[in-house]
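Please treat every number below as a calculation from the coordinates, not as lab data. This structure is a prediction, so every number in the text was calculated from the model and none was measured. For neighbour counting, all protein chains shown are included, and Cβ atoms are generated from backbone atoms with ideal geometry for every residue, glycine included.
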Amino acid sequence: MRYNKLGGVFVKTVGSSRPIHDARGKAAGYTKYTGDIMLPGMAYLCLVRSTIPHGRVKAIHPERALALPGVYGVLHCFNTTQRAFNRYRSRFSQELPCEERAFTDYVRFVGDRVAVVAAESQALAEKAARLVEVEYEELPYSIGFDDTLSGQNCLPGEKPIRDEVTLENGASPQDDGLIEVESFTELPRLHHAAMEPHACVASYDPYQEQLTLYSPNQAIHGIRVVVANYLEMPFHKVRVVKATMGGSFGAKQEWFVEPVAALAAKMLGRPVKLVYSRAESMTGAIVRGPVRARVRGLFTPEGKIKSLDMELILDAGAYVGNSSDYIRTLYGKLFRCYYLPHARYHARVISSNTPVAGAYRGWSAPEEALILERHLDAAAHKLGLDCVELRRRNVLLPGGVDLKTRVPLEEIRIREALDRGRELFHWDRLKQEDAEFNTSNARYRRGVGVGCGGHGSTYFPRHDDFGEGWIAMNEDGTIQLKITTHDHGCGTVTMLKMVVAEVLDIPDSDIYLAEGDTANTPIDFGCFASRTTFVLGRTAVETAKALKTVLLERAAAMFHQPLEQLYVESGAVRNRENPNLAWPYAEVARQSMLQLKRNVSAQAQFNNVTNPGVTGAHFAHVEVDTWTGYTKILDYLAVQDIGQAINPAMCEAQIQGAAQMGCGAALREEMVVQKNGQCTSSLSKYHLFLAPDLPDIRVELIMDGRSTEGPFGAKSIGEVCYVPAAPAVCGAVNDALDSQLGTLPFTPDCILKYLAKEREV
């Protein structure tokens with residue numbers, strides 16, 4: 001077995017690269033997703049969605065659909081409950097508006113749910129759904145910022161502004177001698193583009209009054225709260241099982257499929273399956289909401305930022321959802337990377353008749369970073385400073401604190417990331433070469449960009465998160481581990497098995513870990529906010545330590561050995577004084593059952609008290625074709641401070657995927673809402689970057705293993721690696737064109753429009 005040196009200690013498992021737990025099944029096509037689940041007597045569901053952006057449902061005519069043999073029923077807004085829910089309100093402490101219904105007679109966007117058809121096959125359900133006739137009373141509607149702010153609001157009788165907040169930290173400085181910099185940034189609506197669409201299978205047992213849901217989701221206990229409250233059921237009567245997930249990026253952190261499936265299963269008295277098409281996942285699920293922001297900053301001539309004043313507006317779409325939380329969290333993310341002695345923030349939430357805005361990878365940090373990094377690029381340009389150097393002068397240093405929460409950031413290494421990236425990317429050389437290239441080339445322009453970003457390692461801005469684990473040893477010495485985890489397809493199950501294997505000194509193949517199940521695993525917030533490795537990973541460590549303690553105590557009692565002389569190694573309890581004495585785990589477990597009549601089991605809870613800073617600096621080199629407007633990415637480097645990589649290959653894959661997402665957000669991706677309210681509904685018109693479109697994404701990990709609470713010194717990686725990506729690419733394009741473009745994405749049309757204006761000038 002290979003040993004890795006970590007923090008001066010040699011470890012066997014942590015720090016080695018492993019395939020994810022279900023890699024073989026996925027490669028063979030054996031792994032079952034929610035869409036593959038089959039239950040006896042199951043009905044297939046197909047939704048009837050609004051075809052207008054705003055209006056009242058006057059009547060529904062399901063007769064033609066019901067006349068088809070094999071159609072079990074049509075549920076709609078006039079024959080089901082009109083009790084409302086909030087798709088994100090999964091905890092009692094959240095004060096979020098309940099506006100949404102399973103089926104509504106007041107439609108707010110094209111794609112709003114009006115009815116659902118249940119049939120014996122998916123094809124029949126879809127055919128029948130097309131036969132359901134809906135009569136509407138159409139109302140005026142808004143498709144964006146300008147419509148809503150002009151009073152063309154989607155909610156009659158309500159103000160255009162649905163929520164508003166002003167926050168401030170620190171004292172405003174005197175303007176004397178300071179240089180003012182202004183910037184404008186507008187970010188588009190984005191689709192998550194997870195490979196697996198939204199899905200849910202639900203069954204209801206009327207005799208036990210038990211509802212069971214199978215769902216690829218990020219928080220089983222959150223779904224239980226939403227569904228149980230919606231259907232007015234006791235929590236213990238709602239079971240939610242986390243199914244295999246084919247990606248999420250936040251799309252499955254909010255629950256609008258599950259309440260519909262649950263209601264249908266209960267009313268129809270049979271199991272049901274609801275699987276979204278790609279078009280439905282794009283228009284009827286959630287999107288990243290559009291954002292506009294203006295920033296005014298005050299800098300010293302040397303480039304030190306003294307004040308930041310941000311005006312921001314977020315389009316929540318048809319329902320407010322979690323947008324009020326979103327804009328408040330965005331403010332907090334400002335303080336996770338840079339030292340801002342004074343910051344003022346004024347944010348507003350508006351509604352429009354467009355798809356609902358919700359959670360997206362990084363949960364407001366990517367928006368914050370794009371806005372702030374764009375501003376820093378503008379400041380560097382105005383002050384005549386190098387972009388990397390300006391950032392070096394303002395980043396947080398090891399031992400710093402989050403100026404908003406006052407939580408220590410520990411060994412935050414963003415300056416080191418900048419310095420290491422500058423060297424590995426050959427920043428200074430490329431700047432010189434690009435200047436020469438641009439002078440001599442009539443068609444192409446090259447430029448470099450850098451983006452920094454920070455995030456937390458737990459439920460932000462909280463730092464009092466928790467996790468619980470249950471563990472037991474089988475008679476053969478293998479392990480049953482229960483922690484409520486939600487693997488997105490990126491290997492969190494493997495990570496948890498690895499840290500337990502390290503503590504118990506056994507192969508990770510000897511550990512069984514099932515994913516979350518409200519009937520069998522402890523209560524947990526869910527897999528989001530980059531909390532899984534930091535909080536649940538440490539929970540797994542503490543749970544394994546608790547089991548190791550039990551093992552040693554049982555062995556000492558049964559084999560009459562001094563406890564202080566016993567230790568574990570290679571799957572056995574051993575005696576330090578007499579190396580010939582060793583008891584394999586299997587023997588300890590069997591003898592514990594035979595002699596003591598007790599299982600070898602334990603449980604543990606972990607409560608973190610810190611929220612260490614995780615940061616990254618990404619570097620991009622691009623070439624812009626001034627004739628076509630097309631941007632080619634020539635080189636890309638991601639430098640990430642992650643504390644310690646439990647599984648380096650998994651971390652690198654996360655970062656490479658995040659960079660690919662960021663390149664798309666910067667240059668291609670946009671959910672366009674037409675004047676009639678119709679939104680982009682096909683990937684053929686939503687232009688994702690594919691792997692062949694990009695150079696090899698180079699990854700450099702900064703690992704010191706010094707986090708005081710993360711497992712073996714690990715911090716988070718899943719979200720922070722996405723945060724700097726788009727800013728780096730946007731900065732490179734602006735460097736190439738000597739421009740200050742701020743409206744994303746920088747598509748060929750956008751670039752050609754800018755160049756045309758420049759030529760006119």
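Structural remarks
- Each of L690, L298 was scored by other Cβ atoms within 10 Å of its Cβ. Listed from fewest to most, they are L690, L298.
- Separation of the A649 and A28 label points, Cα + 7 Å toward Cβ, nm: 1.8
- The chain shape via C-alpha gyration tensor axes, a/c threshold 1.5: oblate
- Anisotropy class of the stretch 544-606 from Cα gyration tensor, a/c 1.5 cut: oblate
- The residues neighbouring S324, those whose beta-carbon lies less than 9 Å from its own, together hold a net charge of -1 under the Lys/Arg +1, Asp/Glu -1 convention.
- Phi-based couplings in Hz for the stretch 310-327 (Karplus 6.51, -1.76, 1.60; Gly and Pro marked x): 10, 10, 9, 9, 10, 8, 7, x, 6, 10, 4, x, 9, 4, 5, 5, 4, 5
- Each residue of the stretch 61-69 was assigned a 3J(HN,Hα) from its phi angle through the Karplus curve 6.51 cos²θ - 1.76 cosθ + 1.60 (θ = phi - 60°); the sequence is 10, x, 4, 5, 5, 5, 6, 6, x Hz, with glycine and proline shown as x.
- Cα-based shape type of the stretch 465-607, given that a ≥ b ≥ c are square roots of the gyration tensor eigenvalues and the cut on a/c is 1.5: prolate
- Pairwise FRET efficiency - R56 versus A84, Cβ, R0 = 25 Å, nearest 0.05: 0.90
- Charge dipole of the chain about the Cα centre (unit charges at C-beta), most positive-ward option of I286, V500, I471: I471
- Total formal charge among the other residues, if their Cβ is under 10 angstrom from that of R393, Lys/Arg +1 and Asp/Glu -1: +2
- The 3J(HN,Hα) values that the Karplus relation (6.51, -1.76, 1.60; θ = phi - 60°) gives for the stretch 220-236 are, in residue order, 5, 6, x, 4, 4, 4, 4, 5, 4, 5, 5, 8, 6, 10, x, 4, 6 Hz. Gly and Pro appear as x.
- Each Lys and Arg Cβ is given +1 and each Asp and Glu Cβ -1; about its Cα centre, the stretch 465-607 then shows a dipole of about 320 debye.
- Computed FRET value (nearest 0.05) for E180 with R278, which takes r as the C-beta separation and R₀ as 45 Å: 0.45
- Over 20 Å apart at the Cα level, from the set K632/K753; K12/K545; K32/K127; K26/K715; K26/K685, are K32/K127; K26/K715; K26/K685.
- Neighbours of V260, meaning other residues whose beta-carbon lies under 14 angstrom from its beta-carbon, give a summed charge of +2 when Lys and Arg score +1 and Asp and Glu score -1.
- Between the residues S203, A645, A347, the greatest Cα displacement towards the positive end of the dipole of the chain, with unit charges on the Cβ of Lys, Arg, Asp and Glu, is found for S203.
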